Amino acid sequence: MQFSAYIMLHMVARKGIWVVMGIAALACPGYAQEPKTVSTEEATQHLTKRVPPEYPPLAETAHIQGSVILEITITENGKVTGMRAISGHPILVQPAMDAVQQWEFEPFMEEGKPIAVWTSIKVDFGLGPGAELRGKYLEQEVECSKQIQIKSAQAEAVCKKALETAIKLPRSFESDK
């Protein structure tokens, strides 16, 4: 690939299009670094803003529930890009993607520098008893993680609230605890 980029650069240079040559040199795949793969658990620990998905009215009427698994890339500054659905009911996929697109993460660091990472994320859609309480717990969990990361004096109190909410979750949300 580097050889073909070299040839392309020289062909472009002969035609006198130096700007294109410079862009091609910057776009050369050999210079891009692949995102590091991190676990879902590690990604969740870096989550600083979780936007819950909007339940599609049709899915709610039809009592469609379940999980959507997404593969995402998180940039060096903690923004979500490069998303694709791995599994989930088709009617739930787009709302899950719309929500996760708004999520924010504390940057992942390697050797003191922020890096892009790749991970998979599970977005759950549930109806019935406990669904609203689960949403409250997930918000509290993110706030707890944020307080711990910034070493806030309020971390213990915030995390205690999240724990108290988790204890109240029905068994159907046991995996969230």
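Computed quantities for the displayed model
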read-out: Gain on full stretching of the segment that runs from Gln102 to Gln149 - 0.36 nm per residue minus C-alpha separation; value: 14.9 nm
read-out: Lysines with Cα under 22 Å of Lys136, excluding same-chain neighbours fewer than 8 positions away; value: Lys49, Lys122, Lys146, Lys160, Lys161, Lys168, Lys177
read-out: Long-range HN-HN contacts of Gly88 with modeled amide H, under 5 Å; value: Ile69
read-out: Calculated FRET value between Ile91 and Lys49, using beta carbons and R₀ = 30 Å, to 0.05; value: 0.75
read-out: GluC sites (Glu not before Pro) lying in DSSP loop within the stretch 56-124, provided at most 10 other Cβ fall within 10 Å; value: Glu111
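Read the figures in this text as sums done on the coordinates, not as results from a lab. Here the structure is a predicted model, which is why all the values come from computation and not from measurement. So basically every Cβ, Gly included, is an ideal-geometry build from the backbone, and we count neighbours across all protein chains shown.
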